[in-house]
């Protein structure tokens, strides 16, 4: 086996759950091969770099082997190497850095005073970001 279809490869190495999901992502230009858009039928070769855009992160993989059937997760590194830069992976932690006001469970909706305090806090944060 020298080459394999792109959609079948992405499914086989568990980047997508189904082959049709992989084909749909490729058609929507969320998958690049060697920094170029591709079709689902494009042949993948060893050494190709595949970029998969999944908001908010763009994952990058390198083809290191051919595979024709779906593999168990422990075998995936034999066929596909994850080369996603760390700064891309750090984007996954960004939503956790947003402001969250801790309220005790069961205390109900905020009072008018608490609501004004929350609005003032949020207004101050948004004004700082604009400056």
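Evaluate E = 1/(1 + (r/R0)^6) for residue 30 and residue 66, where r is the Cβ-Cβ distance and R0 equals 25 Å; express this FRET efficiency to the nearest 0.05. Approximately 0.60, to the nearest 0.05.
Averaged across orientations, what area in nm² does the convex hull of the alpha carbons in the stretch 13-85 project?
Values: hull surface 19.0 nm².
Directional mean of the projected Cα hull area for the stretch 13-85 stands at 4.8 nm².
For residue 54 and residue 75, FRET efficiency with R0 = 25 Å and r from the beta-carbon atoms, rounded to 0.05? With R0 = 25 Å, the Cβ-Cβ based efficiency is 0.70. With the simple spin-label model, which puts each label point 7 Å out from Cα in the Cβ direction, the residue 84 to residue 41 separation comes to 3.1 nm.
For the chain, what does the helix formula give at 222 nm: sum of -39500 (n - 2.57) over DSSP H segments with n ≥ 4, over the residue count, nearest 500 deg cm²/dmol?
Values: 4 runs with 39 residues, N = 131.
Here the helix-only value at 222 nm equals -8500 deg cm²/dmol.
None of the figures in this text is laboratory data; all of them are computed from the coordinates on show. Source: prediction; values computed, not measured. Cβ coordinates were reconstructed from backbone atoms using ideal geometry, including for glycine residues, and neighbour counts include every protein chain displayed.
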